[in-house]
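Here the structure is laid out as structure tokens; the discussion comes afterwards.
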Amino acid sequence: MNDFDNSLGYLLNIAAAINKNALFSVLAPYEITPEQFTLLTKIYTSSNGKTQRQLANETYKDEANTTRILKKLELKGYVEKLPGTKDKRNNFVFITEKGMGLIKILKPLVTDYRKSILKNLSEEEIKNMKAILKKLIEN
């Protein structure tokens, strides 16, 4: 293994790619991507809806990409956009009943998947990894 193959950035990218590809396999039968699932989950956890800008910021995606993903979710009937009460130009995105139903189906599948990829790690290792990753994200 050369220096590049052992670099933290490379290892993080490989781990993220493996995670994303495996998660895609879990979600594919439901015709939803990991990116769509992430946005849908963020919207699901907010009773007041979220703006597209909030979702882009929370998921570290640019607004154009977020808009494309949301459009696909809207076409599938999982989310709806409603104009803001204070500023009509500011749309808020809400999860629909159909979207809630999908989340209820996918949540246990994703939970099982996450358990399977972490099965060789102790609770302490998982806790430490999360703390380190959060520090990296905050930098």
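The values are calculated or read from the model by the stated rules, or taken from the named source; none is laboratory data. This one's a predicted model, so the numbers in the text were calculated from it and none came from an experiment. Cβ placement follows ideal geometry from the backbone for every residue including glycine, while neighbour counts extend to all protein chains displayed.
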Problem - Hits in the stretch 1-25 - residues which are loosely packed, with under 11 Cβ neighbours inside 10 Å, charged (D, E, K, R) and assigned to a helix (DSSP H, G or I) - result: D5
Problem - So E35, is it closer than 20 Å to I14 by Cα and among the acidic types (D, E) - result: yes
Handout entry: Tally, over the stretch 89-139, of residues that are within 19 Å of L23 (Cα to Cα), assigned to a helix (DSSP H, G or I) and basic (K, R)
Key = 5
Completion exercise
Scanning the stretch 26-54 residue by residue, those farther than 17 Å from L102 by Cβ and assigned to a helix (DSSP H, G or I) turn out to be Q52, R53, Q54
Completion exercise
N90: passes all of (1) closer than 28 Å to A15 by Cβ; (2) more than 17 Å from the chain's Cα centre (by Cα); (3) of a type in the set (S, T, N, Q) but (1)
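Regarding N65, is this residue exposed (fewer than 11 other Cβ atoms within 10 Å of the Cβ) and either out of contact with any helix residue (DSSP H, G or I) (no Cβ under 7 Å at 6 or more places or on another chain) or not in a strand (DSSP E or B) (or both)?
Values: exposed (fewer than 11 other Cβ atoms within 10 Å of the Cβ): no; either out of contact with any helix residue (DSSP H, G or I) (no Cβ under 7 Å at 6 or more places or on another chain) or not in a strand (DSSP E or B) (or both): yes.
Spelling it out, it is not the case that N65 is exposed (fewer than 11 other Cβ atoms within 10 Å of the Cβ) and either out of contact with any helix residue (DSSP H, G or I) (no Cβ under 7 Å at 6 or more places or on another chain) or not in a strand (DSSP E or B) (or both).
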Exercise for the section: Starting from the stretch 100-112, keep only residues that are more than 16 Å from A28 (Cβ to Cβ) and touching a residue at least 60 places away in the same chain (Cβ under 8 Å), then list their pairs with residues that are assigned to a helix (DSSP H, G or I) and of a type in the set (S, T, N, Q) whose Cβ atoms are within a distance under 9 Å, requiring at least 6 positions of separation or different chains. Expected result: I103/T41
Exercise for the section: Kindly check whether there is at least one residue in the stretch 101-113 that is at pLDDT 95 or above, in contact with a strand residue (DSSP E or B) (Cβ under 6 Å, 6 or more places away or on another chain) and β-branched (V, I, T). Expected result: no
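Residues checked against (1) among the small types (G, A, S); (2) surrounded by 12 or more Cβ atoms within 10 Å (Cβ to Cβ):
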position	(1), (2)
K76	no, yes
V79	no, yes
F92	no, yes
I95	no, yes
K107	no, yes
D112	no, no
S116	yes, no
N128	no, yes
L133	no, no
Fill in the blank from the handout: Scanning the stretch 74-88 residue by residue, those touching a helix residue (DSSP H, G or I) at 6+ places or on another chain (Cβ under 8 Å) and either part of a strand (DSSP E or B) or free of Cβ contacts under 8 Å to residues at least 12 places away in the same chain (or both) turn out to be V79, E80, K81
Exercise for the section: Scan the stretch 1-24 and report the pairs whose first residue is in contact (Cβ under 8 Å) with a residue 24 or more places away in the chain and whose second residue is surrounded by 11 or more Cβ atoms within 10 Å (Cβ to Cβ), with Cβ atoms within less than 7 Å and a gap of 6+ or a chain change. Expected result: N19/I117; A22/Y113; A22/I117; L23/P34; L23/Y113
